[in-house]
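Input: a single structure, listed below in structure tokens.
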Amino acid sequence: MLQYAFQRVLLALAIVFVAISALFTIMITLPGDPTTVLLGPRATPELRAEFRANMGLDDPVLVQIVNFWGRILSGDMGMDYNRNRPVAEAVFSALPHTMALVFGAIFWSATLGILLGAFSADNRNSWLDRVTGVLSVGFIAAPSFVVALYSLLLFSVTLRWFPTIGAGEPGDLASRLYHLALPSFAIGLAWVGYVARIVRASMLETLGENYIRTARAFGLTRRKVIYNYALRVAILPAVQVLGVGIGGMLSSAVFAEIVFSRPGIGSLIYDSVSGRNYPVVMGSMLVAIGFFVTCALIADLVNAALDPRQRVK
Amino acid sequence: MTETLTVDGLTVHYATREGALQALRDVDLNVPAGQIVGIVGESGCGKSTLINALLQLMSENARIAAGSVTLEGEELVGAPSRRLRDMRGRDISVVFQDPMTSLNPVLTIGRQMHDIQYREKISRAEKTRRAADMLGRVGLPDPVAKLDAYPHELSGGQRQRVAIAMAVLMRPKLLIADEPTTALDATLEVQIIDLLKELQREIGCAILFISHHLGVIAELCDRVVVMYAGEAVEEGPVADVFNTPSHPYTAKLIECDPGRMKTKAALLPAIPGDLPDLTAPPTGCIFRDRCDKAAEICRTSPTPSAVTGAHWARCHFAGGGRQ
């Protein structure tokens, strides 16, 4: 298990390195000039040149990448020139909000998705199974920003069950969770559909396995056979999909954070990309990718913990 | 002698697109207490359907059209599902064919053996002790450590021993062994057969042993039932049936057994023809189309005729018939 974990961590670090370097290259070669945005259209060419030199924007791309990693490894993520604060401060104050949002979405999709999937498989080909199937596909098809907008309209504006904007009072857990419920649901809904479909399919496959027949032949209760013996095997693919799905949830988080006016990495990236605020873009990208890779890594480890057969490899 | 298992006129149909597939037709079977009864027959003869019917764990499209199954006098057909569940694993239990797939891959062996004992009102430690004890009795080395192992950490032979330990853990009255040695190699086969004999003596359960391997049946069983196309065609003490087979099908089966052939043959002998279509089984004798002896009388259904004592065959020519 330890060796397996070590291999996975090494792979994760390599992924972060390659992804960030590639993103950095794309960002640098993208048309648009931070000097125009920062210094305004009336800045003199001399002022612009000086600013570019200061930021190291005239160096070859390769040199810029090496410099960038050098700074990151020494713990310096650079300065946010727009608001004159360290990038690290901007990013790490936003990160917990996004993490809460993504974990909330995972919570919704794992609990609702697994329940719906197991329930469908248990009652396969009944009308309840068909309804669940149609709902699941509907959830998958609905874009998350549409779900975000409509759930905001329905639950916050019309029904007034949930708050419309913000992330809640700092330090007040109940208020935080209250503000989290709707946005995380909006992001998680599509994944509820995915997970339900995956769990249903793998559950049906698992229920046909010989060891399920064995369990039933030993007189175990139907509930125990389905929700314990079969589900434990059937959720494995769903865990894997959720781990990778965090990438998708992060991009949905951008919309949800904008729609619900929540602070977070998503809105930070959105603002800084439109402002060509390179240090903040790179800093938040680094953290977002690091977060994604960490979650995928956790999913792998959770899977290994759930499936003893994987630990051997 | 008291009967542990009595099957009387069991008829099972599967609903298929072509109509009702009559997988078992009017099967009679007795397993006396403490005896080992073998069932032999080629694939498609209804062995698996019979096991599922005995456990009352049939697929959704299967239906018991007629007949009864009683375990120590208690009727299983139509019994409440709670009662059936209660009996499974405790009074009647199974060892399945393929040990590689019959144990849950994500639960430890100890956990699976714990779960089987869920009806027992004893402490966890006692359940663990019983499980380890049984693993030791089926000949697994280091049984206590095996409780923490996952199935994939054991070899095929060890897994089958675990499966047997699980099956006899609750000291069932009837143990069904569904080709328990087919997936194993020959040396292991002998060991497993010896183990079953030993456990049968210790626990005193009756065993219904299903196999297509005539040698194993002859070695292990007291009585044997020969099945063909969903019917029991011959039954009797093992020695009688194998020495004086009285149904042409049994005779053919023994002729085709590679283990019994006296001369070398380039091609293994086979019974010509195919199994009849069970959605519309022919009237009269079910084996008629493949039988050398078929005559006009075979167009009527034969009833079981006694050969000697408890040995009978479902053939017009059996026993003192018109041969």
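The values are calculated or read from the model by the stated rules, or taken from the named source; none is laboratory data. Since this is a predicted model, take the numbers as computed values, not measurements. Here the Cβ is made from the backbone with ideal geometry for all residues, glycine too, and neighbour counts use every protein chain on show. What goes into the accessible areas is simple: the full protein's heavy atoms, side chains included, and nothing from ligands, DNA or RNA. Shrake-Rupley method; radii C 1.70, N 1.55, O 1.52, S 1.80 Å.
Just name the residue that is surrounded by the fewest Cβ atoms within 10 Å (Cβ to Cβ) out of those in region A:257-281 that are closer than 21 Å to A:LEU149 by Cβ and either in contact with a Cys (Cβ under 7 Å, 6 or more places away or on another chain) or among the charged types (D, E, K, R) (or both).
Only one residue tops the list, namely A:ASP271.
Could you run through region B:111-120 and say how many residues are open to solvent by less than 10 Å² (accessible area, probe 1.4 Å) and either under 13 Å from B:GLU153 (Cβ atoms) or facing chain A (nearest Cβ under 7 Å) (or both)?
Of the residues in that region, 1 qualify.
Here's a check for you: in region A:177-189, which residue that is among the small types (Gly, Ala, Ser) and open to solvent by less than 10 Å² (accessible area, probe 1.4 Å) is farthest from the other protein chains (Cβ to nearest Cβ)? Lay out the reasoning, then the answer.
First pass over region A:177-189, keeping only residues among the small types (Gly, Ala, Ser): A:181, A:184, A:186, A:188.
Add one more test, that the residue is open to solvent by less than 10 Å² (accessible area, probe 1.4 Å), and what stays is A:184, A:186, A:188.
Values: A:SER184: 29, A:ALA186: 33, A:GLY188: 26 Å.
Of everything passing the filter in region A:177-189, A:ALA186 is farthest from the other protein chains (Cβ to nearest Cβ).
Let me confirm something: among A:MET1, A:MET27, which residue is under 30 Å from A:PRO308 (Cα atoms), modelled with pLDDT under 80 and hydrophobic (A, V, I, L, M, F, W, C)?
Values: A:MET27 fails: under 30 Å from A:PRO308 (Cα atoms).
After ruling out the rest, the residue left standing is A:MET1.
From the list A:ASP80, A:ASP122, which one is under 21 Å from A:GLY266 (Cα atoms), open to solvent by less than 60 Å² (accessible area, probe 1.4 Å) and among the acidic types (Asp, Glu)? Don't jump to the end; show me each part of the working.
Details: A:ASP122 fails: under 21 Å from A:GLY266 (Cα atoms).
Matching residue, one of A:ASP80, A:ASP122: A:ASP80.
Is at least one residue of region A:190-213 free of Cβ contacts under 8 Å to residues at least 40 places away in the same chain, among the small types (Gly, Ala, Ser), within 14 Å of chain B (Cβ to nearest Cβ) and in contact with a Leu (Cβ under 7 Å, 6 or more places away or on another chain)?
No - not one qualifying residue is present in region A:190-213.
Any residue in region A:268-292 that's more than 22 Å from A:LEU242 (Cα to Cα): show its pairings with residues that are among the aromatic types (Phe, Trp, Tyr) and at pLDDT below 85 at Cβ separation under 9 Å, as long as the two are six or more apart or on different chains.
From region A:268-292, the pairs are A:SER272/A:TYR278; A:ASN277/A:TYR81; A:TYR278/A:PHE24; A:TYR278/A:TYR81; A:PRO279/A:TYR81; A:VAL280/A:TYR81; A:MET282/A:PHE24; A:MET282/A:PHE68.
Looking only at region A:227-251, which residues are of a type in the set (Val, Ile, Thr) and open to solvent by 10 Å² or more (accessible area, probe 1.4 Å)? Quick ask: steps written out before the conclusion?
Of region A:227-251, the ones of a type in the set (Val, Ile, Thr) are A:233, A:235, A:239, A:241, A:244, A:246.
A:VAL233, A:ILE235, A:VAL239, A:VAL241, A:VAL244 - these are the residues of region A:227-251 that are of a type in the set (Val, Ile, Thr) and open to solvent by 10 Å² or more (accessible area, probe 1.4 Å).
What tally of residues in region B:31-48 results from selecting those that are buried (at least 22 other Cβ atoms within 10 Å of the Cβ) and at pLDDT 90 or above?
6
Of the conditions (1) of a type in the set (A, V, I, L, M, F, W, C); (2) touching a Phe, Trp or Tyr at 6+ places or on another chain (Cβ under 9 Å); (3) part of a strand (DSSP E or B), B:ALA15 fails just one. Which one is it?
Every listed condition holds for B:ALA15 apart from (2).
Residues that are more than 13 Å from the chain's Cα centre (by Cα) and either buried (at least 20 other Cβ atoms within 10 Å of the Cβ) or not assigned by the TED database to the domain that holds B:ILE203 (or both): does region B:54-64 have at least one? Outline the logic, then answer.
Initial filter on region B:54-64 (more than 13 Å from the chain's Cα centre (by Cα)): B:56-64.
Filter once more, keeping what is either buried (at least 20 other Cβ atoms within 10 Å of the Cβ) or not assigned by the TED database to the domain that holds B:ILE203 (or both): none.
So far as region B:54-64 goes, no, none of its residues is more than 13 Å from the chain's Cα centre (by Cα) and either buried (at least 20 other Cβ atoms within 10 Å of the Cβ) or not assigned by the TED database to the domain that holds B:ILE203 (or both).
Considering only residues that are farther than 18 Å from A:ALA181 by Cβ and open to solvent by 10 Å² or more (accessible area, probe 1.4 Å), which ones fall in region A:95-119?
Step one: of region A:95-119, the residues farther than 18 Å from A:ALA181 by Cβ are A:95, A:114, A:116-119.
Across region A:95-119, the qualifying residues are A:LEU95, A:ILE114, A:LEU116, A:PHE119.
Select from region B:69-92 the residues that are of a type in the set (Asp, Glu) and more than 8 Å from chain A (Cβ to nearest Cβ) and list them in ascending order. Let's see the steps before the verdict.
Taking region B:69-92 first, the residues of a type in the set (Asp, Glu) are B:72, B:74-75, B:86, B:91.
B:GLU72, B:GLU74, B:GLU75, B:ASP91, listed by residue number.
Mind checking which residues of region A:216-232 are small (Gly, Ala, Ser) and more than 7 Å from chain B (Cβ to nearest Cβ)?
Pass one, region A:216-232, residues small (Gly, Ala, Ser): A:217, A:219, A:230.
Once the filter is applied, which keeps residues that are small (Gly, Ala, Ser) and more than 7 Å from chain B (Cβ to nearest Cβ), region A:216-232 yields only A:ALA230.
Condition first: over 18 Å from B:ILE193 (Cα atoms), within 9 Å of chain A (Cβ to nearest Cβ) and in contact (Cβ under 8 Å) with a residue 24 or more places away in the chain. Now tell me which residues in region B:93-110 satisfy that.
B:MET100, B:SER102, B:LEU103, B:ASN104, B:PRO105, B:VAL106, B:LEU107, B:THR108
Taking the residues in region B:274-323 that are in contact with a strand residue (DSSP E or B) (Cβ under 7 Å, 6 or more places away or on another chain) and part of a strand (DSSP E or B) as candidates, determine which candidate is farthest from B:ARG223 (Cα to Cα).
B:SER305
Looking at region B:151-169, can you tell me whether even one residue there is in a strand (DSSP E or B) and either touching a Leu at 6+ places or on another chain (Cβ under 6 Å) or at pLDDT 90 or above (or both)? Outline the logic, then answer.
Initial filter on region B:151-169 (in a strand (DSSP E or B)): none.
For region B:151-169, residues in a strand (DSSP E or B) and either touching a Leu at 6+ places or on another chain (Cβ under 6 Å) or at pLDDT 90 or above (or both): absent.
How about region B:134-146: which of its residues are outside any helix (DSSP H, G or I) and surrounded by 19 or more Cβ atoms within 10 Å (Cβ to Cβ)? Don't jump to the end; show me each part of the working.
Taking region B:134-146 and keeping what is outside any helix (DSSP H, G or I), we get B:138-142.
Residues satisfying the conditions are B:VAL138, B:LEU140.
I'd like to know if region A:125-139 contains one or more residues that are touching a Ser or Thr at 6+ places or on another chain (Cβ under 9 Å), closer than 19 Å to A:THR294 by Cβ and assigned by the TED database to the domain that holds A:GLY248.
Looking for residues that are touching a Ser or Thr at 6+ places or on another chain (Cβ under 9 Å), closer than 19 Å to A:THR294 by Cβ and assigned by the TED database to the domain that holds A:GLY248, one finds none in region A:125-139, hence no.
Give all pairs with beta carbons closer than 8 Å in which a residue from region A:9-31 that is more than 13 Å from A:TRP69 (Cα to Cα) meets a residue that is of a type in the set (S, T, N, Q) and assigned to a helix (DSSP H, G or I); count only pairs at least 6 apart in sequence or on separate chains.
A:ALA12/A:THR294; A:ILE28/A:GLN64
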